[in-house]
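Structure, as structure tokens:
The values are calculated or read from the model by the stated rules, or taken from the named source; none is laboratory data. Since this is a predicted model, take the numbers as computed values, not measurements. Here the Cβ positions follow ideal geometry from the backbone for every residue, glycine too, while neighbour counts run over all protein chains shown. Just so you know, the surface numbers come from the protein's heavy atoms only, side chains and all, with ligands and any DNA or RNA stripped out. Shrake-Rupley method; radii C 1.70, N 1.55, O 1.52, S 1.80 Å.
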Amino acid sequence: MGLIKKFYKRLSILSVVVCLLTACTISYKFNGASINYDKVKTISFENFPNRSAAFVWGPMESMFNTALQDIYMQQTRLKQIKQGGDLELSGEITNYDAYNKGVGSDGYSTMAELRMTVNVRFVNNTNHAEDFEQQFSASREYNASQQLASVQEDLVNQMIDEIVEQIFNATVANW
């Protein structure tokens, strides 16, 4: 009889532990987004034109706009609409230029830096306290002996990825 009581006692303890473990759930979000989907369901983007006074590289504008929309579509459950979303993003590429970073003993540039700056206006129509207008920047260095045309696409893609991640974190990650 003592063995049966021990068995049922252990079984009841095990049952309680299993019930507690299944009743408690822990949720992790690896994308960093913290959106209340009960309130925020849609997002709208205006085109970010390239208004850089320094110089313009044609593909950059569409590359940026596509990357910006892609991060929200891939890492959130927001539905994209043309205008009037619960979240609205607009702005422009305000700067895109290259600088000489270093000069060798021969007087010629050895390193150059490519810079990109984007001005962003964010409107949260469910909580206007989160609205902002802010600039986001990124830069990449490259060997000045290389032609910009040979490294430009790769460097611009890297800068766009960095800026888009900064924008995403500032708007929906709430770090």
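Pick out the one residue from Asn125, Asn169, Asn95, Asn119 that is open to solvent by less than 70 Å² (accessible area, probe 1.4 Å), over 19 Å from Ile43 (Cα atoms) and either in contact (Cβ under 8 Å) with a residue 24 or more places away in the chain or β-branched (Val, Ile, Thr) (or both).
When all the criteria are applied, what remains is Asn95.
Looking only at region 44-81, count how many residues are hydrophobic (A, V, I, L, M, F, W, C) and at pLDDT below 95.
Count: 5.
Which residues, counting only those in region 31-88, are out of contact with any helix residue (DSSP H, G or I) (no Cβ under 8 Å at 6 or more places or on another chain), loosely packed, with under 14 Cβ neighbours inside 10 Å and hydroxyl-bearing (Ser, Thr, Tyr)?
Listed by number, the residues that qualify are Tyr37, Ser62, Thr66.
Of all residues in region 98-116, how many are under 25 Å from Phe45 (Cα atoms) and open to solvent by less than 40 Å² (accessible area, probe 1.4 Å)?
From region 98-116, those under 25 Å from Phe45 (Cα atoms) are 115-116; that's our starting set.
Going one step further and asking which of them are open to solvent by less than 40 Å² (accessible area, probe 1.4 Å), we end up with 116.
Summing the residues that are under 25 Å from Phe45 (Cα atoms) and open to solvent by less than 40 Å² (accessible area, probe 1.4 Å) in region 98-116 gives 1.
For Arg121, state whether it is more than 16 Å from Ile167 (Cα to Cα), of a type outside the set (A, V, I, L, M) and under 20 Å from the mean Cα position of the chain (by Cα).
In short, no.
Residue by residue, here is whether (1) under 14 Å from Ala138 (Cα atoms); (2) outside any strand (DSSP E or B) holds:
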| residue | (1), (2) |
| --- | --- |
| Gln83 | no, yes |
| Leu89 | no, no |
| Glu92 | no, no |
| Asp97 | yes, no |
| Asp106 | no, yes |
| Thr110 | no, no |
| Arg115 | yes, no |
| Val118 | yes, no |
